[in-house]
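> Please read through the structure below; I'll follow up with questions.
The values are calculated or read from the model by the stated rules, or taken from the named source; none is laboratory data. Bear in mind that the values here come from a model prediction, so they are computed numbers and not experimental data. Neighbour counts are summed over all protein chains in view; Cβ atoms, including those assigned to glycine, are modelled from backbone coordinates with ideal geometry.
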């Protein structure tokens, strides 16, 4: 409920407040899909999906709320399969390094990461074990061209579940006025 309230407050604030940006629309929503991989070990496969509403404070700074889900799958030496499912709810900030059509940015965020472990064995079936919620952070870099967005981030969760994600996507709104 608190997450929904925070998300609703951010959306409401974005529509009611007037941005300081003179060249770009104040509100935008990023949607990304990409690869996720653990920082240690080798993954068979991994995927990440994110949606992130942003509000521009100025030409160079945008604040947002990243909602991301990531799934990592590992093949064990004994033939079993293990995986991790992570979801995050993180306030974020992006700083744009250019005001041109090609807009590189750096950013960061911190917030709550929920995690669960999944294991599958040919003899014992499948089990889902909740790992609970943890506080985490992420730095990121990327660029935008038109409404195309490419971003790479490193999610620091702890307990061996740190991962990196590279996502390709688009954003709606927030373009040049």
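> Could you list, in sequence order, the residues of the range 62-87 that are over 16 Å from residue 117 (Cβ atoms) and either crowded, with 21+ Cβ neighbours inside 10 Å or in contact with a strand residue (DSSP E or B) (Cβ under 6 Å, 6 or more places away or on another chain) (or both)?
62, 63, 64, 65, 66, 67, 68
> When you go through (1) part of a strand (DSSP E or B); (2) within 18 Å of the chain's Cα centre (by Cα); (3) at pLDDT below 95 one by one for residue 158, which number turns out not to apply?
(1)
> For a quick check of your reading of the model, give me the residue pairs whose first member lies in the range 101-129 and is within 17 Å of residue 75 (Cβ to Cβ), whose second is at pLDDT below 90 and surrounded by fewer than 14 Cβ atoms within 10 Å (Cβ to Cβ), with beta-carbon atoms closer than 6 Å and at least 6 apart or on different chains.
117/129; 118/128; 119/127; 120/126
> To continue, here is another question. Output the residues belonging to the range 61-96 that are touching a residue at least 24 places away in the same chain (Cβ under 8 Å) and over 20 Å from the mean Cα position of the chain (by Cα). Working first, answer last.
Taking the range 61-96 as the starting set, the residues that turn out to be touching a residue at least 24 places away in the same chain (Cβ under 8 Å) are 61-68, 70-75, 79-96.
Selection gives 74, 75, 79, 80, 81, 82.
Yes/no matrix, rows are residues, columns are (1) assigned to a strand (DSSP E or B); (2) in contact with a helix residue (DSSP H, G or I) (Cβ under 6 Å, 6 or more places away or on another chain); (3) at pLDDT 70 or above; (4) on the phi > 0 side of the Ramachandran plot:
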| residue | (1), (2), (3), (4) |
| --- | --- |
| 14 | no, no, no, no |
| 21 | no, no, no, no |
| 40 | no, no, no, no |
| 47 | yes, no, yes, no |
| 59 | no, no, yes, no |
| 63 | yes, no, yes, no |
| 82 | yes, no, yes, no |
| 98 | no, no, yes, no |
